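Undergrad: I'd like to ask you about the structure that follows.
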Amino acid sequence: MGKLFASCVFLLWILNVGEMVIGDDQYSCNFQAIYNFGDSNSDTGGISAVYNPIPPPNGQTFFGKPTGRVSDGRLVIDFIAEKFGLPYLHPYLDSLAPNFRHGANFATGGSSIRTPTETIFETGHSPFPLASQLSQFEQFKARSTELYKQGAKNPSENAYLPNPDEFSNALYTFDIGQNDLSHVIGKVPDDQAKAIVPDMIQQYSAAIQRMYQQGARTFWIHNVGPLGCSPVPRLSAVSGGYQNLDEHGCVKSHNDIVSYFNQQLKNLIYDLRRQLKDAALVYVDMYNAKLEVLSQAKDRGFDADPFKICCGYHDQNNHVMCGKTQNINGKDVYGAACANPSMYISWDGVHYSEKANQIIANDIMTGKLSDPKVPLTQACHGQA
């Protein structure tokens with residue numbers, strides 16, 4: 001009798017597991033394309049195609065050469081594409097051998113939410129803020145749809161074009177805002193830095209609604225990471241006698257400003273959910289995803305010091321960026337890479353190594369750091 005009971009329980013468990021698996025399959029989103037908007041955190045070659053190419057040793061770990069990514073290898077957006085078995089996103093601005101069948105990347109290094117002006121930002125800012133990226137998408141959608149229809153009788157002509165019917169069920173990812181904040185944090189009083197946040201939120205809101213009008217329905221929106229933990233600006237703050245560090249060793253006031261923006265972004269997404277009833281808007285907490293890696297560096301397989309920089313030369317007075325050469329005291333100093341990038345969280349003092357990007361991507365794709373808590377594969381059900 002005991003064996004019979006145990007067998008029945010085991011059979012019921014198998015059936016339940018089977019139902020769970022079926023249920024998971026039923027709720028998975030069949031994304032055939034990804035359209036990404038952002039800055040250097042997710043730029044796969046846009047700014048490199050327009051201006052000077054990203055130099056080696058960038059790309060050395062995975063691609064074996066520079067690919068326009070500011071890292072030794074893949075970015076979070078690359079791991080997102082891999083999750084769905086899709087090709088890495090081709091930059092919209094790169095005209096050589098483009099393949100847009102499964103999406104496009106409009107992100108460019110240095111981009112911001114707000115449109116840059118000399119009175120707000122330093123020179124050297126990207127000319128492709130979020131509004132420009134949206135305009136590029138609108139042109140891309142209209143033109144690719146026209147070309148697709150022209151080649152309807154010859155499928156080979158459409159091999160590298162998106163299917164117009166798939167725009168509405170694509171995944172739209174956003175990772176932007178870091179440059180708006182980094183260009184004021186530590187450079188103006190904290191209250192003035194916070195004062196740009198309402199305009200950032202207003203423009204972000206307009207951007208999402210604009211994309212909604214273009215047919216976008218699934219939004220995967222990253223907040224801004226802990227800028228007070230970025231090694232290069234942190235080093236400058238500490239060397240300047242700034243000692244207001246938190247328990248993680250990060251500049252507390254800088255992270256407080258970022259947290260203020262992130263909370264306003266989260267509030268915006270709540271508001272937009274009420275307005276855009278048939279849209280799925282997922283707020284992704286990149287701030288804590290990155291902070292967890294930093295605070296658990298040794299447990300995650302990195303050097304115990306999370307602020308060590310793999311590529312470039314940095315001290316309290318000089319910063320030679322990765323792959324660049326700078327004359328210091330009459331001597332040319334090259335920003336070389338470390339021997340083992342996988343032991344470092346920071347690649348160049350601002351951006352993350354491939355290993356760190358992979359861990360962060362794996363953490364956020366589970367949904368444990370999202371609001372609502374849906375995994376990436378079920379993002380199309382992200383209406384709370």
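Undergrad: Could you check, for region 183-192, whether at least one of its residues is closer than 23 Å to Asn41 by Cα, among the hydrophobic types (A, V, I, L, M, F, W, C) and out of contact with any Ser or Thr (no Cβ under 7 Å at 6 or more places or on another chain)?
TA: Yes: one or more hits.
Undergrad: Are any of the residues in region 365-373 more than 13 Å from the chain's Cα centre (by Cα), surrounded by fewer than 20 Cβ atoms within 10 Å (Cβ to Cβ) and under 15 Å from Thr61 (Cα atoms)?
TA: Looking for residues that are more than 13 Å from the chain's Cα centre (by Cα), surrounded by fewer than 20 Cβ atoms within 10 Å (Cβ to Cβ) and under 15 Å from Thr61 (Cα atoms), one finds none in region 365-373, hence no.
Undergrad: Next question, about the same structure. Quick one: count up the residues across region 351-384 that are hydroxyl-bearing (Ser, Thr, Tyr) and free of Cβ contacts under 8 Å to residues at least 40 places away in the same chain.
TA: 1
Undergrad: Enumerate the pairs (first residue in region 133-157 and free of Cβ contacts under 8 Å to residues at least 12 places away in the same chain; second residue anywhere and among the hydroxyl-bearing types (Ser, Thr, Tyr)) with beta-carbon separation below 9 Å, excluding pairs fewer than 6 apart on the same chain, so at least 6 apart or on different chains.
TA: Close Cβ pairs (under 9 Å, with a partner that is among the hydroxyl-bearing types (Ser, Thr, Tyr)) amount to Glu157/Tyr148.
Undergrad: Filter region 27-83 for residues that are assigned to a loop (DSSP other than H, G, I, E, B), touching a residue at least 24 places away in the same chain (Cβ under 8 Å) and farther than 22 Å from Gly349 by Cβ and give the result.
TA: Within region 27-83, Ser28, Cys29, Asn30, Phe31, Gln32, Ala33 meet the criteria.
Undergrad: Where the second residue is assigned to a loop (DSSP other than H, G, I, E, B) and the first is without any contact (Cβ under 8 Å) to a residue 24 or more places away in the chain and lies in region 328-350, which pairs have Cβ atoms under 8 Å and are six or more apart or on separate chains?
TA: Ile328/Asn318; Val333/Asn318; Tyr334/Lys324
Undergrad: If you check Ser71, Ser42, which single one turns out to be modelled with pLDDT of 95 or more and in contact with a His (Cβ under 6 Å, 6 or more places away or on another chain)?
TA: Just one listed residue meets the conditions, Ser71.
Undergrad: Spot the failing condition for Val333; the list is (1) within 20 Å of the chain's Cα centre (by Cα); (2) among the β-branched types (Val, Ile, Thr); (3) assigned to a strand (DSSP E or B), and only one is missed.
TA: (1)
Undergrad: Out of the residues in region 232-285 that are in contact with a Leu (Cβ under 6 Å, 6 or more places away or on another chain), under 23 Å from Trp347 (Cβ atoms) and part of a helix (DSSP H, G or I), which is modelled with the lowest pLDDT?
TA: Per the stated criteria, the residue is His254.
Undergrad: Quick one: would you say Arg300 is basic (Lys, Arg), surrounded by 15 or more Cβ atoms within 10 Å (Cβ to Cβ) and within 21 Å of Ala216 (Cβ to Cβ)?
TA: So Arg300 fails the test.
Undergrad: Return a yes/no flag: does region 116-124 have any residue that is under 22 Å from the mean Cα position of the chain (by Cα), buried (at least 20 other Cβ atoms within 10 Å of the Cβ) and at pLDDT 95 or above.
TA: No, because not a single residue in region 116-124 is under 22 Å from the mean Cα position of the chain (by Cα), buried (at least 20 other Cβ atoms within 10 Å of the Cβ) and at pLDDT 95 or above.
Undergrad: Next up: Is there any pair linking a residue in region 246-271 that is farther than 17 Å from Leu227 by Cα to one that is outside any helix (DSSP H, G or I), with Cβ under 6 Å and at least six apart or on different chains, and which?
TA: Correct list of pairs: Lys266/Tyr283; Ile269/Leu281; Ile269/Tyr283.
Undergrad: Show the residue pairs meeting these rules: Cβ distance below 6 Å; 6+ apart or different chains; first residue within region 294-320 and assigned to a loop (DSSP other than H, G, I, E, B); second residue acidic (Asp, Glu).
TA: Listed by first residue and then by second, the contacts come to Cys311/Asp348; Gly312/Asp348.
Undergrad: From the list Gln383, Gln326, which one is in a loop (DSSP other than H, G, I, E, B) and touching a strand residue (DSSP E or B) at 6+ places or on another chain (Cβ under 7 Å)?
TA: From the options Gln383, Gln326, the qualifying one is Gln383.
Undergrad: Is at least one residue of region 352-368 in a loop (DSSP other than H, G, I, E, B) and at pLDDT below 95?
TA: no
Undergrad: Kindly state which helices (runs of 4 or more DSSP H) lie completely within region 172-213 and contain at least 1 residues that are of a type in the set (Gly, Ala, Ser) and loosely packed, with under 15 Cβ neighbours inside 10 Å.
TA: Per the criteria, 197-213.
Undergrad: Quick test for you: out of Ile208, Ile176, pick the one residue that is in contact (Cβ under 8 Å) with a residue 24 or more places away in the chain, among the hydrophobic types (A, V, I, L, M, F, W, C) and within 22 Å of Ala361 (Cβ to Cβ).
TA: Ile176
Undergrad: Still on this structure, I have one more. Looking at Leu93, Leu86 in this structure, which one is crowded, with 18+ Cβ neighbours inside 10 Å, among the hydrophobic types (A, V, I, L, M, F, W, C) and part of a loop (DSSP other than H, G, I, E, B)?
TA: Leu93
The values are calculated or read from the model by the stated rules, or taken from the named source; none is laboratory data. Computed from a predicted structure; not experimentally measured. Cβ: placed from backbone, ideal geometry, glycine included. Neighbour counts: every protein chain shown.
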